[in-house]
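The values are calculated or read from the model by the stated rules, or taken from the named source; none is laboratory data. Keep in mind the model is a prediction, meaning the values are calculated, not measured. Heads up, the Cβs are rebuilt from the backbone with ideal geometry, glycines too, and the neighbour counts pull from every protein chain shown.
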Amino acid sequence: MKIPAEEVTVRFEQGHPVALNGKTFSDDVEMMLEANRIGGRHGLGMSDQIENRIIEAKSRGIYEAPGMALLHIAYERLLTGIHNEDTIEQYHSHGRQLGKLLYQGRWFDSQALMLRDGLQRWVASQITGEVTLELRRGNDYSILNTVSDNLTYKAERLTMEKGESVFSPDDRIGQLTMRNLDITDTREKLFGYAKAGLLTASSATGLPQVENLENKGK
């Protein structure tokens, strides 16, 4: 059976999927059903798992989650373009912990609430943008385009031939300049958090107000 390739664009707003192929969904269930239809046409998200059950015995299962797979691919593409390496590492670590708690039926336990709050507040809040993919058959796909105002990936920074304004030939292999780029990205992320209303520091916190930092830089 021949399955023609298909392009699909997924849009996120602050970590929440809101549109597929330019169509905005106000109903999350309808959005997921459409994502399932699109991914399902290509057999996306099918997996054969041998796993440990909560009763300490192993089982084998065949899982199909085409909609979740589609959204996951697009979300993680934005994630890797927006957040730094250490944040992504924490995201994966906390995600595994949260998934285990969900599997155990402990979604509303305090530890799950802590993990969810951190992931939603500091990771998902910056995941805004669009990802376009070409789906073929099974888990065979290509990412065609990634667009976001929050991207910290900037090709001109790492262009060896044309990146003299960023770092010179004398320090291309040095780490200090590269770390400075990461610090710049972190500063931009703080302003993004402030715009999202996440860094309105009170007198009880040790966090400086971002607007004060911005004024000092002028």
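Tabulated data
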quantity	calculated
Meets criteria (acidic (Asp, Glu) and either in contact with a strand residue (DSSP E or B) (Cβ under 7 Å, 6 or more places away or on another chain) or modelled with pLDDT under 95 (or both)) for Glu89	no
Unique residue being in contact with a strand residue (DSSP E or B) (Cβ under 8 Å, 6 or more places away or on another chain) and under 16 Å from Ser142 (Cα atoms) when the list is Ile38, Ile62, Ile3, Ile50	Ile38
Among the residues listed as Gly105, Gly129, the single one being on the phi > 0 side of the Ramachandran plot, out of contact with any Cys (no Cβ under 6 Å at 6 or more places or on another chain) and either of a type in the set (Lys, Arg) or crowded, with 18+ Cβ neighbours inside 10 Å (or both)	Gly129
Selection status of Leu78, touching a residue at least 40 places away in the same chain (Cβ under 8 Å) and surrounded by 13 or more Cβ atoms within 10 Å (Cβ to Cβ)	yes
Long-range neighbours under 7 Å by Cβ, at least six apart or interchain, first residue assigned to a helix (DSSP H, G or I) within the range 90-101, second small (Gly, Ala, Ser)	His94/Gly118; Leu98/Ala112; Leu101/Ala112
Any hit, the range 81-97, residues being among the small types (Gly, Ala, Ser) and crowded, with 19+ Cβ neighbours inside 10 Å	no
